[in-house]
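The values are calculated or read from the model by the stated rules, or taken from the named source; none is laboratory data. Worth saying up front: this structure is predicted, and the values here are computed from it rather than measured. Here the Cβ is made from the backbone with ideal geometry for all residues, glycine too, and neighbour counts use every protein chain on show.
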Amino acid sequence: MNRPVFLVPGWQNSGPGHWQSLWESQVADARRVEMPNWDFPRRWEWTGALDDALALHLRFDGAPPVLVGHSVGCLAIVHWAAQHQRPIHGALLVAPADVERDEAPEELRDFAPILSPPMSSRRRTTLISMPDAPATSPRPGDHGSRCSSAAATSTPPADSAPGPGARPCSKS
């Protein structure tokens, strides 16, 4: 069975040459989750938009999708997962933004605190940390290393119900 893929881009969306845009154009079941404001993201608006998109999809399709986030889109997915119980097949979090770092743009600070994916839940989650990505923290002990061990890979049953929510990443 092909799983639908929901792409959750980060701050300012993804341009035509971005890997998420390429996936959207080349993967038959991939679709972008449209956010209310790409330039001034608010956590409650983005998690609400994600939940609305999932509710509509599940009502008419029924197959839980794979969520693929990038940058602040990863944080939207994790905050959504901490608040909602809708089924997903899994989540791929690529280069989550470190909105707690000193030089983080003010527009992104609404996504703090950074939460670890709810690994106690029964949702599959894979984190790909990219230390050279502009919005991540490449220094040991910062966001990427704090969360990567907690979010490595979980492989529970595919369509199982989620458990308890996420928790803040601990500072090293």
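Data for the structure
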item: The one condition in (1) in a helix (DSSP H, G or I); (2) over 16 Å from ALA55 (Cα atoms); (3) under 8 Å from the mean Cα position of the chain (by Cα) that ILE77 fails to fulfil; result: (2)
item: Sole exception among (1) of a type in the set (A, V, I, L, M); (2) surrounded by 23 or more Cβ atoms within 10 Å (Cβ to Cβ); (3) part of a helix (DSSP H, G or I) for LEU67, by number; result: (3)
item: Top-ranked residue of the stretch 44-60 - restricted to ones that are without any contact (Cβ under 8 Å) to a residue 24 or more places away in the chain and charged (D, E, K, R), ranked as surrounded by the fewest Cβ atoms within 10 Å (Cβ to Cβ); result: ARG59
item: Of residues in the stretch 1-43 being in a helix (DSSP H, G or I) and in contact with a Ser or Thr (Cβ under 6 Å, 6 or more places away or on another chain), the one surrounded by the fewest Cβ atoms within 10 Å (Cβ to Cβ); result: SER21
item: Pairs where the first residue, in the stretch 2-22, is closer than 13 Å to GLU34 by Cβ and in contact (Cβ under 8 Å) with a residue 40 or more places away in the chain and the second is among the aromatic types (Phe, Trp, Tyr) and part of a loop (DSSP other than H, G, I, E, B), C-beta under 8 Å, 6+ apart; result: PRO9/TRP38
item: ALA91 vs. criteria within 14 Å of HIS70 (Cα to Cα), touching a Lys or Arg at 6+ places or on another chain (Cβ under 8 Å) and either at pLDDT below 80 or outside any loop (DSSP other than H, G, I, E, B) (or both); result: yes
